[in-house]
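These notes are about the structure you will find just below.
The values are calculated or read from the model by the stated rules, or taken from the named source; none is laboratory data. Remember, predicted model here, so these are calculated numbers, not experimental data. Every residue, glycine as well, gets a Cβ built from its backbone with ideal geometry; the counts of neighbours run over all protein chains shown. For accessibility, only protein heavy atoms count, side chains too; no ligands or nucleic acids. Shrake-Rupley method; radii C 1.70, N 1.55, O 1.52, S 1.80 Å.
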Amino acid sequence: MYRFLLPVLSLLTAVVPLASGQTPTATTGTAAASSAEVTIPLPEMVSRIEAAEMSRLAVERELEADQQIREIEKLLPKLEAEVLGQAAEAEKRGSTPSFAALMDLEVFWKSSSETISVWQSDLKKRLQTLHEASEKLGAELATWKKTISVPPETQRRIAELTTALQKTLTRVEEEKADTIRIQTRVEPLALKSVSMLAMVRKEMTRGLFHRDKQPIWSAGAWKNPDTPGDPVLAGVYAQWSLLKTYAQRQSDLFTFHGVLVAFLAWGFWHIRRLGETSEALKAVLPRLQYPVAAAVLVSLIALEVCYPQPPRFFWTFWASLGLGTAIYLLRNTLERIYRPFLIAVLGMLVLDEVREVVLNDYLMEWRFFLLAETALGTAFTFWFWKRSAFAQTPARERDFRWQVFHGATGLAFVAFAVATLANALGYVRPAAFLCNTIGETVNHAMILYGIVWLADGYLYVLLARGPVSRLASVAHHRELLWHRGQRLLRWGMTAVLVLVTLQMLEMRHIMWEWLCSVGDTRLSLGNSPNKASLQVKDVVQFVISIGLAVCLSRFIRFLLSEEVYPRVNLPRGIPYAISTMIHYAILFFAFLTSVGDMSKFTVLAGAFGVGLGFGLQNIFNNFVSGLILLFERPIKVGDVVQIGSEIGTVQRIGIRASVIRTETGS
């Protein structure tokens, strides 16, 4: 019965208010509406406010820390002026520049394109980051604006948070607008740089080995095309303007260069003072006499690659200062027979710069100036090679330096003669290219020779009075280490000179691609269908790894024998055993490292397995015997042993064989 009374009571409860004219209160609906406004649960409100504030502060810190856009905005006007200035000058130029000028233009446009490409990438990443931050801040702000009907203290914190979020969002939008504005300025420069680089490269490749002028004996070769009114002022002023603009743009780098020169000069001056008071350094004192000149030359080489997009006048001053400094340092070192060569190198540099800067827009004058320059170079190199006091040096006095100068002069004579003939026949651009390559190569060679000459002296100072001079290995073998260091420096100079020459000949990337293609060539092993194969680069890597391992092993054993074993009381024979095991351990590790994938040698191991089993039994037995002698030490180096009727002293115990010197010396 009770189950029938419950529905009746519920119905009466609902009907009585209606009868009295009252409207039922929609508490459930109101509560639902309030919960719809409070989108974040109250227990999580405080933690979510803290998280939103931390996220906002992270965006603020990122805006403060990221100065890439400001740096781009600072450098953009200067680069824009240089790019537009070079482009306008190219449009006004009525004739094709010389090959050297085209190479300078290629360096400028390539460097500009790379710089602008980096800027474009940075701007794109920055814009993407700002867009993501803007969307995140906007969503966070919208969420907190919908959060109402909360306690007063929480409502106050929400109001502060939304105000801060709005300010940060406004700042992000301003940063986006600035980034888009800078991006709009960068895009035309990118298009201009790419198009100008393509045009310059087309001019460099077009007709390099084709006749571009008439032969010198034809009447058309003596006709002068239309040229500007004042060649000297026009060419020099244009280059000087570019240099001033570049100096303003790179003022910080020039300041750093000056500070570096002062610091190096101060250090070299103190080394000279040390050499004047030390008897051990008297032999290299002439290399320490000019600290300022040494500082200038070292800084020029050290910071050469640090100057981006330099104009031609910059390289004019750089080459003149570097070559002049090198000749100043070497003037009292080289014998008198070499001095005409030094003077000729300096004169060639002056003639090159006059031709390229002053007469660059004057085709006829430029061509005949080039012809006179190459003819003069031909005559001088022939005289120096065959008729000068240098050529008449007695055979017993012709050392390695004489042979290098003699060979270089002969090559220069051939190159100058070919350039002169090519110019006369109408191949002016190849002649200019060859002449410029000769000049740049000789200039770099003289500067690098000056650097190596200085480095030899300061290396000896390091070995004689430096921190390493206290080592026993250095004190006992100073001269040997110095000569080995000299050899290493000369090999390094030769490698740098070869790379510079290949770069000037536009052949470095060609040589690199050719070497890569040769390295990727596969060498087949065997004739079976499943024959193994190796790449040439794997073989080269293996040989280099083993060679470096041998050098490293020799160096470590040298240090152990000079620095460690004399200070440790070890039984006789133990140091030799340790050194031998270190040697073979390094070789074994190098072998494993260079082999890498052991599956390459699976077929080889199977093919040579039988031969190793039958043909190398004695070698393997000797190998095991060598290990027993090294570890058990029944005999040691220095022991006197008798084998049959022969008596001798143990000189060396190896893994495969040992050496015994008999009383007769055999």
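For the range 256-294, taking the residues that are open to solvent by 50 Å² or more (accessible area, probe 1.4 Å) and hydroxyl-bearing (Ser, Thr, Tyr), the one that is farthest from HIS476 (Cα to Cα) is identified as TYR290.
What is the one condition in (1) more than 30 Å from the chain's Cα centre (by Cα); (2) without any contact (Cβ under 8 Å) to a residue 24 or more places away in the chain that SER134 does not satisfy? Only one criterion in (1) more than 30 Å from the chain's Cα centre (by Cα); (2) without any contact (Cβ under 8 Å) to a residue 24 or more places away in the chain is unmet by SER134, namely (2).
Of the helices (runs of 4 or more DSSP H) that lie entirely inside the range 381-481, those containing 3 or more residues that are touching an Asp or Glu at 6+ places or on another chain (Cβ under 7 Å) span 428-465, 472-476.
Selection of the range 247-270 for residues being closer than 13 Å to ALA302 by Cβ and at pLDDT below 90 yields only LEU253. Filtering ILE327, ILE337 for residues that are under 28 Å from LEU454 (Cβ atoms), modelled with pLDDT of 85 or more, of a type in the set (A, V, I, L, M, F, W, C) and open to solvent by 10 Å² or more (accessible area, probe 1.4 Å) leaves a single hit, ILE327. Residues of the range 281-307 that are of a type in the set (A, V, I, L, M) and over 22 Å from GLY466 (Cα atoms): ALA293, VAL296, LEU297, LEU300, ILE301, ALA302, LEU303, VAL305. Would you confirm, using the coordinates I've provided, whether SER561 is surrounded by 14 or more Cβ atoms within 10 Å (Cβ to Cβ) and touching a residue at least 24 places away in the same chain (Cβ under 8 Å)? No, not satisfied. Being among the aromatic types (Phe, Trp, Tyr) and at pLDDT below 85 is a description that applies to PHE400.
Among the residues of the range 165-174, just one is touching a Lys or Arg at 6+ places or on another chain (Cβ under 8 Å) and at pLDDT 85 or above, namely THR168.
Take the range 539-564 and flag every residue that is among the hydroxyl-bearing types (Ser, Thr, Tyr) and modelled with pLDDT under 85. If the condition is that a residue be among the hydroxyl-bearing types (Ser, Thr, Tyr) and modelled with pLDDT under 85, then no residue fits. Among the residues making up the range 165-188, those that are open to solvent by less than 20 Å² (accessible area, probe 1.4 Å) and out of contact with any Phe, Trp or Tyr (no Cβ under 9 Å at 6 or more places or on another chain) are THR168, VAL172, THR179.
Flag set for ARG572, criterion: more than 25 Å from the chain's Cα centre (by Cα), surrounded by fewer than 12 Cβ atoms within 10 Å (Cβ to Cβ) and touching a residue at least 40 places away in the same chain (Cβ under 8 Å). Considering the range 45-71, the residues that are assigned to a helix (DSSP H, G or I) and of a type in the set (S, T, N, Q) include one that is modelled with the highest pLDDT, namely SER55.
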